Amino acid sequence: MQLSLTVPATLDSLTKIAEFVMAATAAAGLDKKAAYRCRLAVDEIATNIIIYGYGQAGCEGLLNLQADIDEQALTISIEDTAIAYNPCQAQLPTEDELKLPLEERPIGGLGVYLALHDVDKFHYERIGNKNRNIFTMYRTASAQ
């Protein structure tokens, strides 16, 4: 099964993106906790693309989302033409920094950390002028 969504790269599109992800997780039969983690991960990366990839660069564009469901997994990809950015190379908070009180933690990186750690598998690739962020959630424990 395959679902797709194309939206403008604006913060107003985040609601449609969340609805798309929740429809995909429901179609894949993910439990509520896994569905929430998937939605949070996609939301964090989409927000970063909108704010930093397009907004701070002063350009406009689209986000193309695709959900593929097979027997083992739900795979959601976000494709954009914003500036190249690999979340896997981001400066993420360390385990020690995560244990600090909020007011003592360094600013930044927590959303990407959550996105990369809330899904079963995350992959980034740059193809031509496009970024592709790929999130995988396994449908069953045996698929892991």
| query | Which members of the stretch 94-144 meet the condition of being at pLDDT below 95, loosely packed, with under 12 Cβ neighbours inside 10 Å and of a type in the set (K, R)? | reply | K99
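Whether any residue in the stretch 38-49 is in contact with a strand residue (DSSP E or B) (Cβ under 9 Å, 6 or more places away or on another chain), assigned to a strand (DSSP E or B) and among the β-branched types (V, I, T) is what I want to check.
Pass one, the stretch 38-49, residues in contact with a strand residue (DSSP E or B) (Cβ under 9 Å, 6 or more places away or on another chain): 38, 41-42, 45-46, 49.
Still in the running and assigned to a strand (DSSP E or B): none.
The answer is no; no qualifying residue exists.
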| said: Go through (1) touching a strand residue (DSSP E or B) at 6+ places or on another chain (Cβ under 7 Å); (2) part of a helix (DSSP H, G or I); (3) in contact (Cβ under 8 Å) with a residue 60 or more places away in the chain for I17 and report which single condition fails. | reply: (3)
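Which one is modelled with the highest pLDDT, of the residues in the stretch 28-75 that are acidic (D, E) and within 14 Å of A18 (Cα to Cα)? Before you say what the answer is, go through the steps one by one.
Taking the stretch 28-75 as the starting set, the residues that turn out to be acidic (D, E) are 31, 43-44, 60, 68, 70-71.
If we keep only those that are within 14 Å of A18 (Cα to Cα) as well, we get 43-44.
Details: D43: 95, E44: 91.
Across the stretch 28-75, the extreme among qualifying residues is D43.
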| said: Return the residues of the stretch 55-80 that are over 16 Å from F122 (Cα atoms) and within 16 Å of the chain's Cα centre (by Cα); say none if nothing qualifies. | reply: L62, L63, N64, D80
| remark: Scanning the stretch 8-21 residue by residue, those surrounded by fewer than 19 Cβ atoms within 10 Å (Cβ to Cβ) and in contact with a Phe, Trp or Tyr (Cβ under 9 Å, 6 or more places away or on another chain) turn out to be T10
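Looking at the stretch 50-61, which of its residues are of a type outside the set (S, T, N, Q) and not in a helix (DSSP H, G or I)?
Selection gives A57, G58, C59, E60, G61.
With respect to L5, determine if the residue is of a type in the set (A, V, I, L, M, F, W, C), surrounded by 18 or more Cβ atoms within 10 Å (Cβ to Cβ) and either touching a strand residue (DSSP E or B) at 6+ places or on another chain (Cβ under 9 Å) or in contact (Cβ under 8 Å) with a residue 40 or more places away in the chain (or both). Spell out the reasoning first.
On the way: of a type in the set (A, V, I, L, M, F, W, C): yes; surrounded by 18 or more Cβ atoms within 10 Å (Cβ to Cβ): yes; either touching a strand residue (DSSP E or B) at 6+ places or on another chain (Cβ under 9 Å) or in contact (Cβ under 8 Å) with a residue 40 or more places away in the chain (or both): yes.
So L5 passes the test.
The values are calculated or read from the model by the stated rules, or taken from the named source; none is laboratory data. Predicted model only: the values in this text are computed from it and were never measured. Neighbour counts run over all protein chains shown; Cβ positions are idealised from the backbone, glycine included.
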